1. Any idea which of (1) at pLDDT 95 or above; (2) crowded, with 21+ Cβ neighbours inside 10 Å; (3) in the same structural domain as residue 316 (by TED's automatic domain parsing) is the one residue 228 doesn't satisfy?
2. Within the range 342-379, can you find the residues that are surrounded by fewer than 22 Cβ atoms within 10 Å (Cβ to Cβ) and among the hydroxyl-bearing types (Ser, Thr, Tyr)?
3. Residue pairs, Cβ under 6 Å, 6 or more apart or interchain, first in the range 138-160 and within 30 Å of residue 315 (Cβ to Cβ), second assigned to a helix (DSSP H, G or I). List them.
4. State which residue pairs qualify: first residue not assigned by TED's automatic domain parsing to the domain that holds residue 222 and part of a helix (DSSP H, G or I) and inside the range 337-359, second residue among the basic types (Lys, Arg) and surrounded by fewer than 17 Cβ atoms within 10 Å (Cβ to Cβ) in any location, beta carbons under 8 Å apart, and separation of 6 or more residues or different chains.
5. Does residue 185 satisfy being of a type in the set (Gly, Ala, Ser), within 19 Å of residue 168 (Cβ to Cβ) and at pLDDT 95 or above?
6. Among (1) modelled with pLDDT of 95 or more; (2) crowded, with 17+ Cβ neighbours inside 10 Å, which single condition is residue 145 missing?
7. Go through the range 250-317 and tell me which strands (runs of 3 or more DSSP E), entirely inside it, have 1 or more residues that are in contact (Cβ under 8 Å) with a residue 60 or more places away in the chain and crowded, with 24+ Cβ neighbours inside 10 Å.
8. Exactly one condition in (1) in the same structural domain as residue 112 (by TED's automatic domain parsing); (2) over 24 Å from the mean Cα position of the chain (by Cα); (3) touching a residue at least 60 places away in the same chain (Cβ under 8 Å) is false for residue 181; which is it?
Amino acid sequence: MSRFLFVVPPLAGHVNAAGAVARALLARGHDVAWVGPESALRRLLGDGVTVYPTGMRPYGGQRDRGARALRSLWEGFVLPFARFTRPAVARAVAAYRPDVVAVDQHALAGALVATAAGLPWASLAPQSMELTEPLRALPRVDAWIRANLAAMWCEAGLPAEEYVDPRFSPHLVLGFTTPALTGPAPFPPHYALVGPALDHDRPDEPDFPWAALDPRRRLVLVTMGTLAEDVARDFYPRLVAALAPLGDRVQAVIAAAPHTVPDPPPHVLVVPRAPVLELLPRVGAVICHAGLNTVCEALAYGIPLVMAPIKHDQPVTAAQVVAAGAGVRVRFGRSRPAELRAALTEVLDSPPYRAAAARVAESFAAAGGAAAAAIHLERLATS
């Protein structure tokens, strides 16, 4: 039996993927513990997990778009989260004595502490941009991030001449996608693309009004991510206007705060949160922000997408889906109702989109998902 310590940020998409891998490790007889904000992790993982708490502090908002959004993500969250949690991560490593530390790319303290302790560590890459395109399109932001990472390395007392980018483990990088989506990028040998890590036993799944679903209509799921409420307020009215004339053939479920979706027609159901994995077998199309978790969950079920990317890695992921033939990209800020409606009917009615989504789904199944990720971590622990 080996001991694995997961270091993750308190973000559902990141924790859900890591949680699926952790449960696969537990099923193989290993021991697992977590480092992070305790209340958030227990809500997402359940009360039965071992959590070494880091505490939580306010972080900067995420209203920016484009290059400014990426820099604000790092400046307002990723870097201060790493500095704030590093002492707690060090205490957890000393107390738990793991064989391997599994580190989300946005929880950099895990990489710094594991390196200082001489422990093997694996990077968990829950997004597209830094796995496949390390910010080449934004050289100034890339240079700024790299300079801050190098400074943080030295702040942790690590020798400058031994610097390793803490986003990318030299031992193992786990990507929750496959080349069917990323394209034929030349990944190093220690990169393992295992496909999405899905687990239907998520403890935090919400209640849902299943009786309200109409089997005579094509079901469309709309989810713009957990952090998009402020910036999506203008998008939802345009989307509702796009859906309004489709009531004879489409039923939509929008996962959003009800006050952000004004006056939905009867065939549009608005819920604060949706049990996505339970809904997907019934869904004909997904409208989303092109977050990698949502995209891969949909494609794992062979469901085509309409994507309105907002920021961060989402344009990269949307471009990958379009290149794979499994979806359509629309403009988040400027698409009018007619354009949104045309995109939705195109993916619903054109068989090539579903066929392409099915090909990606086959690649995901072959890659192995959470079970394959657990095997790679197991090998790292015994190497």
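1. Tallying (1) at pLDDT 95 or above; (2) crowded, with 21+ Cβ neighbours inside 10 Å; (3) in the same structural domain as residue 316 (by TED's automatic domain parsing), residue 228 fails exactly one: (1).
2. 345, 350, 363
3. Taking only residues 6 or more apart or on different chains, the pairs are 138/67; 141/67; 141/70; 141/71; 145/74; 148/79.
4. Taking only residues 6 or more apart or on different chains, not a single pair turns up.
5. On the way: of a type in the set (Gly, Ala, Ser): yes; within 19 Å of residue 168 (Cβ to Cβ): yes; at pLDDT 95 or above: no.
For residue 185, the condition - of a type in the set (Gly, Ala, Ser), within 19 Å of residue 168 (Cβ to Cβ) and at pLDDT 95 or above - is not met.
6. (1)
7. Values: elements: 250-255, 268-271, 283-288, 305-307.
The qualifying strands (runs of 3 or more DSSP E) are 283-288.
8. (2)
The values are calculated or read from the model by the stated rules, or taken from the named source; none is laboratory data. Keep in mind that this is a model prediction, so the values were computed, not measured. Every residue, glycine as well, gets a Cβ built from its backbone with ideal geometry; the counts of neighbours run over all protein chains shown.
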